[in-house]
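See below for the structure under consideration.
The numbers here are math on the coordinates, done by the rules we state, and not lab data. As the structure is a prediction and not an experimental result, all values here were calculated from the model. Virtual Cβ from ideal backbone geometry, glycine too; neighbours counted across all protein chains shown.
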Amino acid sequence: MSPAELERYLAAHRRTVERALRDVLKTPKGRPAKLAEAMRYAVLGPGKRLRPVLTLASAELVGGPAAAARAVRFGCALELIHAYSLVHDDLPAMDDDDERRGRPSLHKAYDEATAILTGDALLTEAFAVIARASADLGASAAATRRAVRIVAEVAEASGPDGMVAGQAVDLASEGLANVPLKTVEGIHRRKTGALIRCAVRIGAIAAGASEPRLASLTVYGEALGLAFQIADDVLDATHASDKIGRAGGGDAARGKATYPGLLGVDGARKRARRAADDACAALRPFGARATALAALVRHVVDRAA
Ligand code: GRG
């Protein structure tokens, strides 16, 4: 798939996601107006929508366009969780960032209490979205098992053994000298990788993937998560000022261990390319139908080349 074709593919999938996100964030009667507005501010700002696009793409690969349509709201739930994590990550008690996605971070646009509550609301609402979307999978015993599995997958990826664990270890190792590569890998596997892996998996689960197909897509998701994080670190190390919404020069400037810091910029790029190769190899069972997912991981790595 050429870069232009990938761009068209991503744009079409992002449009589908944006429509679904707006629908998911419609304000029910009685919700406090400031909270509702802050939730929309957090989610609907200019993001890449990587996680819901992955859920859509994975469901489409396994079950075609109808399966993708049924999976989109599961992907939106992950985007709500991703947005919550960014809002809380920006708080003074965490990374203390004034900007996000090229705009004031939520606690700057509103206030700290609203930022905390908005994160809480987005995390909780994500599970309500999943519960509502589960009805689209049908009422059979198999469909119910898939829905319950999706709830568990999302909770595990985002909770105290997933993203929250990654964030906790990350904060604890800030400013420490000689953080080993293994620790850095563990931080990112849980902090960033778990949600990306989950995005791919829940799309496949919603579409009724066989266990071998799900295992292949899991390897893809893990390798993509690694490539994504390394590319992000390399972009920070090489041209931090070109990046939207990342103030302060990234993790290295905060005294955190990074892949370029540990492996050098060239070593980090090489490691990202190897991860992209692993991701593409995992797609082989799907043949030519997986070209978009293959092109996506190549694109992630090429951005940092
Ligand atoms: C507060 C529990 C808790 C967790 C926060 C993911 C995270 C954990 C913090 C984000 C820190 C960060 C900037 C990590 C670098 C990689 C990353 C996840 C970047 C942001 O994701 P993108 O690039 O963002 O998908 P957009 O804005 O495009 O959605």
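Counted residue by residue at 0.36 nm each, then reduced by the alpha carbon distance between them, the extension gain from residue 136 to residue 265 reaches 41.9 nm. Which parts of segment 94-122 would a label at residue 34 reach, counting a residue when its backbone N lies under 16 Å from a point 7 Å out along Cα-to-Cβ? The answer is 106-121.
What you get for segment 108-240, charging only the Cβ of Lys and Arg (+1) and of Asp and Glu (-1), is a dipole of about 600 debye around the Cα centre.
With r as the distance between the Cβ atoms of residue 93 and residue 178 and R0 = 25 Å, compute the FRET efficiency 1/(1 + (r/R0)^6) and round to 0.05. In this case the efficiency is close to 0.45. Scanning the chain for long hydrophobic helices, with DSSP H runs required to stretch 20 angstrom or more by C-alpha along their axis and to average at least 0.5 on the Kyte-Doolittle scale, returns 50-89, 112-134. When Rg and the Kirkwood Rh are both derived from Cα coordinates, the Rg/Rh ratio for segment 1-62 amounts to 1.09. What you get for segment 176-302, charging only the Cβ of Lys and Arg (+1) and of Asp and Glu (-1), is a dipole of about 200 debye around the Cα centre. One chain, two ends: residue 156 and residue 2. Fully extended at 0.36 nm per residue, the span grows by 51.9 nm beyond their Cα-Cα distance.
Once C-alpha pairs closer than 8 Å and six or more residues apart are averaged by separation and normalised to the residue number of the chain, the relative contact order reads 20 percent.
Taken along its three principal axes, the alpha carbon spread of the chain comes to 54, 50, 35 Å, from the longest extent down to the shortest. Under 5 Å from the amide H of residue 100 lie the amide H atoms of 105, each residue being 5 or more positions distant or on a separate chain, with H modelled from the backbone and absent for Pro and chain starts. Result for the chain in a Gaussian network model with C-alpha springs under 10 Å: among 228, 74, 286, the largest mean-square fluctuation is at 286.
Per residue, the convex hull around the alpha carbon atoms of segment 63-191 comes to 139 Å³. Using Cβ point charges alone (K and R +1, D and E -1), the dipole size of the chain about the Cα centre works out to roughly 1080 debye. Between residue 210 and residue 12, the contour length at 0.36 nm per residue exceeds the Cα-Cα span by 68.6 nm.
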